[in-house]
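Quick note: the coordinates plus some simple rules give every number you see, no bench work behind them. Everything numeric in this text was worked out from a predicted model, so none of it was measured. Here the Cβ is made from the backbone with ideal geometry for all residues, glycine too, and neighbour counts use every protein chain on show.
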């Protein structure tokens, strides 16, 4: 395993001394302390070395041939490339106060007198390398902070300008929206009038021909009763059936169109009592059938009573209809654990179910997942359920499996009745 000291580089130091013995002594001491050491025997080489790659600290002798240490120090501190980069410690045999003062005036950060003690050299070197690194990190942090301040200033200026543009755009869009609301309101009022005219047409213009067809079919049956063969009787029965189905479809369409126009009157409703009332309405229809009713205690809700009664009628009717093939029909009506803002209710049956790939079609007008020859109906019941629950601010969805039953869910918001 490698010695931890070998993996830690504590910094790079340049030793400048004309004495090879002094350089080796300092080099061995600092290398042992995990510093990277470079050497220069004179001032000229020291300057060139610093300009090419400045060290983190310089140990500089004063008395050297050619350029002395004071001049080296002054030149380094005068050059912008090294002024604030290379801290200098004089290592000299000079002991006079004047010599030390001159060294500090030249720009040195410390002064070590020869002969030196190893512990003192390491302590001073460690301290000044740490200080140099701290100053460098502080300068980088300051520069980074200034850059971030500048960027943020530009960003804030852009945001202010963008906010002004956004506010102007919002004002413009609000004006457009108000105009569009006025136009859309007028269009809706016109559409409602057209819908009412259509409903009137359906109610009168379409019902009259159906009554004529039904009446003349009856007259024809009565006139030909004695000579009517089985096939002709079947034809007349089919005509009567289609007429009745068409009349029912017209009634359902009228009811569906009125749902969007009827005014809602929300009150507190005992849902359990309303459900029992709805189930009693099917007593005649369910005679002779074995039905296992599983009805939980339902919560009181806020809503329009006639509309919610229609929801329950449609859902119970569907459950009864699609469980007809079962020897024992199982119909469960209950609610899920209470949520903070809504009540979730469901009607579940063990009937023929449906393919979940077509679940999105269940609540559409005229959408049927079973043929009319299998189950009667016009395909409007669940569309009415969704429209009513939507007007109450709730949601509807269904889950099922082919021949595995179905569950229809609906939600009602928790709120107080409106006055």
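Points worth noting:
- On full extension, the segment bounded by residue 185 and residue 226 gains 8.6 nm, given 0.36 nm per residue less the C-alpha separation.
- Extension gain, residue 358 to residue 24, is 111.3 nm, computed as 0.36 nm per intervening residue step minus the present C-alpha separation.
- Highest average packing first - 16-23, 79-86, Cβ atoms within 10 Å: 16-23, 79-86
- For residue 159 and residue 282, a Förster radius of 60 Å and the Cβ-Cβ distance give a FRET efficiency of 0.40, rounded to the nearest 0.05.
- Between the stretch 314-340 and the stretch 56-132, the alpha-carbon center distance in angstrom: 95
- Relative contact order for the stretch 263-413, counting Cα pairs under 8 Å that sit 6 or more residues apart, in percent: 23
- Percentage relative contact order, the stretch 1-91, counting C-alpha pairs under 8 Å, at least six apart: 29
- Cα→Cβ-extended label distance, 7 Å offset, between residue 104 and residue 145, nm: 2.9
- Spin-label zone in the stretch 324-347 - amide nitrogen under 12 Å from a point set 7 Å from the Cα of residue 414 along the C-beta vector: 337-344
- Residue 45-residue 167 FRET efficiency (beta carbon distance; Förster radius 60 Å; 0.05 resolution): 0.35
- Inter-probe distance in nm under a simple model that places probes 7 Å from Cα toward Cβ, at residue 85 and residue 317: 9.1
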